[in-house]
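The values are calculated or read from the model by the stated rules, or taken from the named source; none is laboratory data. Nothing here was measured: the structure is a model prediction, and the numbers come from that model. Because the Cβ atoms are built from the backbone with ideal geometry, glycine has one as well, and the counts that use them run over all protein chains shown.
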Amino acid sequence: MNQRKSSTNDIALRVASAMHQMGIDGLPRNYELVYEAYAGANPELVRDFIALGKFKTQAALDELGRKYLPHHHEEGVLQRSAGAVRDEMTNFMALLEQEKVSLNDYGRLIGEASQAIFADGQEVASVIGNSIERLRQATEQQVTRNAEMEKSVAAQSQNLDAIQQELAAFDAVRFTDAATGLGNRRSFNKAVARIYANAGIPVGCGLALVEVDAGKRFSPVQIEALNDYLVRHYGALVKRTIPADDVASRFDALRFGLLFYTSDENEVLRLMALLRAAFAAAPLKHPETMRNLGSLTFSAGVCMVDNAANAFDLVNFAERTLQQAQAAGGNRLVVYRGESGPEGKDWMIYKNA
């Protein structure tokens, strides 16, 4: 299985062909699973996918999907969590009911003891003694019940914590790229959609699509051999350089999406210059021989929200400018300026040495 992405279209064709050859039903969840496996963004998914063998059952695919693409099985996860919470609440209500009965009994004994203490008669001392003994026994029983209830509540609290952790892990898998710790394409799309939540007043921002110019330095075979190392290396650089308040996601291979929450184009260019400097300052080391492999550049396309009427256009215009940067030889940043001129295009190309 070739883990190196040549182009989105190439992978899409390979996925469709592979699904047909392996007899996999054309379900959306199956398509995304096979696409992720062929794109190679998650090496563990690739290994587990290959381990299923040539012919893969739907049950095996769904089991793999629940592990790596749980958003397609969200209903099952939420139903299981809701059922567990419901059971814990039922148990807790039962405990409270038991405690209510126990306290009623304890209150009755206290009342009887009180009556005996304040009663008049010849055998008052004997009655008081019996009442005190019964009250002592009831107090010991109540202490024991309280201790048992405390243990039960503590156990239920642990169970609820486990459910909360499961849901947190579920969200992390849905929106996190396993190889880099950055957001994934799904989380990026979600962030871009939020920009246009109020279509009349979109959030001021700039979107950049970045792809490492690995093909200028390495052959396809070398890139495939170094893929995991390159992904981790440049993913870490992106994570360290991009401000925490902005959005940084890895799409696949060596392509990243960046969302800067500023309407100032110069600020976006400044941040991109910082990223370029970080690339230049962190040379590659061969993961086995530790030989210095130099540093790589990147190509980038930028579109400001003022030039896009909706989320689709914002991403599409940035994609077009990235292609323009790559067509011009790479190591360039192209800013989309809007539709104008006889050819309907207006670009600003920045060449970086």
Please name all residue pairs, on different chains or six or more residues apart, with Cβ atoms under 8 Å, provided the first residue is in region 251-270 and is within 15 Å of SER299 (Cβ to Cβ) and the second residue is of a type in the set (S, T, N, Q).
PHE251/ASN184; ALA253/ASN227; PHE256/SER249; GLY257/SER249; LEU258/SER249
Residues of region 182-229 being β-branched (Val, Ile, Thr) and in a helix (DSSP H, G or I), which ones?
VAL192, ILE195, VAL221, ILE223
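May I ask you to list the residues in region 1-43 that are among the basic types (Lys, Arg) and either in a helix (DSSP H, G or I) or at pLDDT 75 or above (or both)? Let's see the steps before the verdict.
Step one: list which residues in region 1-43 are among the basic types (Lys, Arg), which gives 4-5, 14, 29.
If the condition is that a residue be among the basic types (Lys, Arg) and either in a helix (DSSP H, G or I) or at pLDDT 75 or above (or both), then ARG14, ARG29 are the ones that fit.
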Here is a list: LEU207, LEU230. Which entry is under 21 Å from TYR35 (Cβ atoms) and either in contact with a helix residue (DSSP H, G or I) (Cβ under 7 Å, 6 or more places away or on another chain) or exposed (fewer than 15 other Cβ atoms within 10 Å of the Cβ) (or both)?
LEU230
Tally up the residues in region 259-291 that are closer than 18 Å to ASP213 by Cβ and either of a type in the set (Lys, Arg) or touching a strand residue (DSSP E or B) at 6+ places or on another chain (Cβ under 9 Å) (or both), please.
7
